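Inspection log for the structure reproduced underneath, given as structure tokens.
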Amino acid sequence: DGVVFVGADCGLNPNHQEIFVVPVRGTRAYTEMDMMTPAALGRELWSLVPLGPEGKKTLLCPAGTGSIGSPSVSSDGKTVYFTMVKEGEAYFHIYKIDLTGTGEMAPGKAASIVQLTDGPFHDYDPVELPDGRIVFSSTRLGSREEYHAKYASSLFTCQPDGSRIRPLTYHIVADREPRVLADGSLAFIRTDNFLE
């Protein structure tokens with residue numbers, strides 16, 4: 001009935017000022033030198049319920065001078081997963097915010113924002129799996145892309161509370177933006193050198 005989106009577009013990760021996330025010919029495709037960040041970055045996380053001109057726009061999470069990206073909604077519509085690099089921090093991590101199911105925070109409650117991942121890694125693109133686990137992209141393997149030596153990203157899973165993080169893929173460039181298909185399997189973007 002609604003939508004969650006990133007507002008206050010910043011397109012530039014403030015902690016990596018030299019890197020832009022650049023769309024390729026108007027698409028969300030990745031260029032070879034993209035940093036380990038979501039495809040779209042903003043400074044605010046919003047909901048619009050119901051979707052349309054009559055909908056109510058609600059600010060769910062401001063990031064200040066940090067960056068937010070990759071919002072996705074749980075299958076029951078009660079939880080939003082997203083990635084954020086906080087002001088003054090260097091790494092993106094996965095967060096969740098619990099909603100009432102209407103795209104708004106529970107009445108009389110402060111935002112229930114919980115950090116799920118931590119450490120010197122970039123974690124982004126979270127999506128809920130049918131069994132309740134979260135799948136996301138991360139640089140946790142520590143491997144580097146063979147041509148430019150940028151950190152590579154692979155897919156990982158974790159429990160809904162962020163525990164038991166396990167690798168799902170092992171790639172030397174970038175596995176990104178996982179999406180759950182109707183049969184429960186995953187589709188994702190795999191970037192290789194020169195977009196091969």
Q. With (1) in a loop (DSSP other than H, G, I, E, B); (2) surrounded by fewer than 14 Cβ atoms within 10 Å (Cβ to Cβ); (3) modelled with pLDDT of 90 or more as the list, and ARG140 as the residue in question, which single condition is left unmet?
A. (2)
Q.
Being over 17 Å from GLU177 (Cα atoms) and in a loop (DSSP other than H, G, I, E, B) is the filter here; which residues of the range 76-95 pass it?
A. ASP76, GLY77, LYS78, LYS86, GLU87, GLY88, GLU89, ALA90, TYR91
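Mind checking which strands (runs of 3 or more DSSP E) fall wholly inside the range 144-196 and carry at least 1 residues that are at pLDDT below 85 and open to solvent by 50 Å² or more (accessible area, probe 1.4 Å)? First the steps, then the outcome.
Details: elements: 154-158, 174-180, 186-191.
Strands (runs of 3 or more DSSP E) meeting the threshold: 186-191.
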Q) Considering THR102, THR117, which residue is surrounded by 16 or more Cβ atoms within 10 Å (Cβ to Cβ), outside any strand (DSSP E or B) and at pLDDT below 85? A) THR102
Q. Quick one: which of THR79, THR58 is open to solvent by 10 Å² or more (accessible area, probe 1.4 Å), among the β-branched types (Val, Ile, Thr) and in contact with a Ser or Thr (Cβ under 6 Å, 6 or more places away or on another chain)?
A. THR58
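The values are calculated or read from the model by the stated rules, or taken from the named source; none is laboratory data. Bear in mind the structure is a predicted one, so any value in this text is a computation, not a measurement. For neighbour counting, all protein chains shown are included, and Cβ atoms are generated from backbone atoms with ideal geometry for every residue, glycine included. These accessible areas exclude ligands, DNA and RNA; they are computed on the full protein's heavy atoms, side chains included. Shrake-Rupley method; radii C 1.70, N 1.55, O 1.52, S 1.80 Å.
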